[in-house]
2 protein chains.
Amino acid sequence: VTRPKSAAPAGYDTNRRRILRISADLFARNGYHGTGVSDLGKAAGLGKGALYHYIGSKESVLYEISMGQVSQMNAYAAEQHDQLADPIELLHALARGLMRNIADHRAEWTVFFREYHALTGDWRDRVVAAREQYEGYWRAAIDKGVRSGALQTQPSLVVKGLLGMFNYSYLWLDPVGGLPPEDVADLFMDAMLHGLVPRPGDPQ
Amino acid sequence: VTRPKSAAPAGYDTNRRRILRISADLFARNGYHGTGVSDLGKAAGLGKGALYHYIGSKESVLYEISMGQVSQMNAYAAEQHDQLADPIELLHALARGLMRNIADHRAEWTVFFREYHALTGDWRDRVVAAREQYEGYWRAAIDKGVRSGALQTQPSLVVKGLLGMFNYSYLWLDPVGGLPPEDVADLFMDAMLHGLVPRPGDPQ
């Protein structure tokens, strides 16, 4: 699917990224099954031959859109784990990074959540594995918090609820008119960390 | 779309429900755009004419699948608001009802979350309005809690995070091998109400 970098002519990667972006918009608007390769070519202004120079197949485009965002989030999460020793800061950083990425790549996340199940075989397995890896970074952050005493011991399912709070935002997040995504992330994380029930000393 | 009850022969409603259930399974597996009316007929064992006796169009099937679950949840939420004066009990009841419904109607919720955007015009508007009504029941439950002093004043976005925790479960909830959906709901609601950070007196 990906060509070795050394063999890529100048502009090859730029064109691929442009095609993936256009494809994400089309898949998000008309569905994966509702979009043909000829639609992708038309939107990108490329004939079939030129298009296949950049992409392997429609399914490979879906794979790269889905995997692209998850890989970015995994790289970001690994980096935050390396840099932040405080588990509460780490959880806030993971939340902010995810909300910012969803806000900046709404079409890609929409395609991921709605369509990744259309991937087959190895491609699907790889995306599922990458998602589990990502969940693992959140789980590890909570575990760090429990070990340090900053968090109470948690049932392991809690991480699914926590991720749901953030992931579900692809449906409603408004990066233009609403709060900055980082503020939404902090608001959700604070609600989850401190709870909705007042604590002694909370302002009412 | 719906025929007046008085005109419906015996078995008409049963057949419609069966067709909607089969359609939900097919849409969940192959996508709305990837499923044709002829696929629905084949799976239901009905010719085109017989099928159209029960459904108006493929889009009307998508509408009824989506609206069916949301309407059930609205009716349930209205009932809980009437019956439960305690806002914490009310929130737990809303959460349990939603998780139970998602567990029992996995295919329908999958279709709803992945495909409702394929609805057009009035149909789409009605589903969106029903969803907003449902969110309103959760918002009202939180407001009751804030007024009674059981909950801290909350930014209004918190309800989106709370719903996300539960809604996202259509992707992972395991009604067979996992915890009963009501227990998952209680676990999430307790985490959200009390927070992950220990309170004075919490066991470690």
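Summary of values
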read-out: Surface accessible to a 1.4 Å probe, B:E182 within the full protein complex, Å²; value: 50 Å²
read-out: Nearest-to-axis residue of chain B, judged by beta-carbon position, where the axis maps B onto A, in Å; value: B:G195, 1
read-out: FRET efficiency, B:R126 to A:D39 (Cβ-Cβ, R0 25 Å, nearest 0.05); value: 0.30
read-out: Gain on full stretching of the segment that runs from A:A75 to A:T153 - 0.36 nm per residue minus C-alpha separation; value: 25.4 nm
read-out: Using a 7 Å Cα-to-Cβ projection, B:Q83 label spacings across copies, nm, ascending; value: 5.1
read-out: Other copies of B:R18: label-to-label distances in nm, shortest first, labels 7 Å along the beta-carbon direction; value: 5.5
read-out: Shielding by partners, peptide B:163-175 (average Cβ within 10 angstrom, other chains); value: 5
read-out: B:M189 accessible area, 1.4 Å probe, all protein chains in place, Å² to nearest 10; value: 0 Å²
read-out: Length-normalised contact order of chain A in % [C-alpha pairs under 8 Å, at least 6 apart]; value: 24 percent
read-out: Average beta-carbon neighbours from other chains, 10 Å sphere, peptide A:151-158; value: 6
read-out: Positive-end residue, chain A charge dipole about Cα centroid, Cβ charges, pick of A:M192, A:M99, A:V146; value: A:M99
read-out: Residue-averaged beta-carbon neighbours from other chains (10 angstrom radius) around A:30-38; value: 3
read-out: Between region B:28-51 and region A:154-204, the alpha-carbon center distance in angstrom; value: 40 Å
read-out: Ranked order, B:L26, B:L179 - accessible area, probe 1.4 Å, largest first; value: B:L179, B:L26
read-out: Rounded to whole Å, sorted largest first: equivalent-ellipsoid semi-axes of region A:6-153, Cα gyration tensor; value: 35, 16, 13
read-out: Interface size A-B, as summed buried accessible area [1.4 Å probe, Å², nearest 100]; value: 4100 Å²
read-out: Using a 7 Å Cα-to-Cβ projection, B:P175 label spacings across copies, nm, ascending; value: 3.7
read-out: Surface share of carbon and sulfur [accessible, 1.4 angstrom probe, percent] for region A:1-154; value: 50 percent
read-out: Region B:94-186: C-alpha gyration tensor shape, a/c 1.5 cut-off, then a/b vs b/c; value: oblate
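The values are calculated or read from the model by the stated rules, or taken from the named source; none is laboratory data. Not measured: the values here are computed from a predicted model. Here the Cβ is made from the backbone with ideal geometry for all residues, glycine too, and neighbour counts use every protein chain on show. To get the accessible areas, we keep the full protein, side chains included, count just its heavy atoms, and leave off ligands, DNA and RNA. Shrake-Rupley method; radii C 1.70, N 1.55, O 1.52, S 1.80 Å.
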